[in-house]
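To start, the structure under review is shown below, and the notes come after it.
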Amino acid sequence: SSNNTQTLYPTMSDNEYNIESADAGASSTIPMEAGQIKKGGYIMIKGKPCKVLNISVSKTGKHGHAKCNFNAVDIFTGKKLEDMVPSSHGTTVPVVVRTEWEIIDIGEDGELTLMDEGGDQKTDVNLPSYPDTMADEIRDNWAEGDNQIGVTVQAAVGIEQVIAWKKISE
């Protein structure tokens with residue numbers, strides 16, 4: 001279910017409106033020199049938002065530029081990706097935003113109804129398909145609503161996915 005609803009917060013500048021829009025692919029990344037990206041940071045590889053696992057820098061020849069070899073993992077699928085970029089070249093870094101929600105309901109097909117502390121509801125994310133076991137863990141622990149379960153939703157490049165959950169103590 002794709003919906004292009006846009007949430008506008010009156011206190012934010014116009015510039016930040018774009019990031020909230022589901023189809024604002026361009027504004028959800030920022031340019032950065034490859035040499036500035038650190039291990040544990042984020043990088044776009046083949047259009048996928050990735051977390052950098054490690055970086056090896058290779059010097060090439062006498063007049064060559066140093067090249068950065070990035071080993072990274074897709075933040076939504078866990079798939080490993082690699083990229084090589086000269087350290088002085090520009091690359092793109094995804095803007096990654098995490099938000100905390102409480103589960104109000106879980107539909108038959110895994111559609112979630114979430115609520116934040118302010119009482120705002122979110123209905124456009126489902127139980128995660130990665131890692132494999134997380135969806136079942138969340139459903140089992142929620143136990144038809146007997147337990148309060150909080151989830152962390154990670155958003156980047158127009159994709160949103162539950163990446164963590166925890167029981168909320170009474």
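Rule-based calculations on the coordinates, nothing more; no lab input. A quick note: this is a predicted structure, and the numbers were derived from the prediction, not measured. Quick reminder, even Gly has a Cβ in these numbers, built from the backbone with ideal geometry, and neighbours come from all protein chains shown.
Tabulated data for the structure shown
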| read-out | value |
| --- | --- |
| Within segment 62-84, backbone nitrogen closer than 16 Å to the virtual label 7 Å beyond the Cα of residue 164 toward Cβ | 75-76 |
| Segment residue 133-residue 108, length gained on full extension (0.36 nm per residue, minus Cα span) | 7.3 nm |
| Debye intensity ratio I(q)/I(0), log10, segment 29-170, q values 0.10, 0.20 Å⁻¹ (C-alpha model) | -0.44, -1.08 |
| Pairs of Cα atoms farther than 14 Å apart, segment 115-170, % | 58 percent |
| Protection proxy ranking, peptides 52-59, 71-78, average beta carbon neighbours within 10 Å, highest first | 71-78, 52-59 |
| Modelled FRET efficiency - R0 25 Å, residue 62 with residue 38, Cβ distances, 0.05 increments | 0.35 |
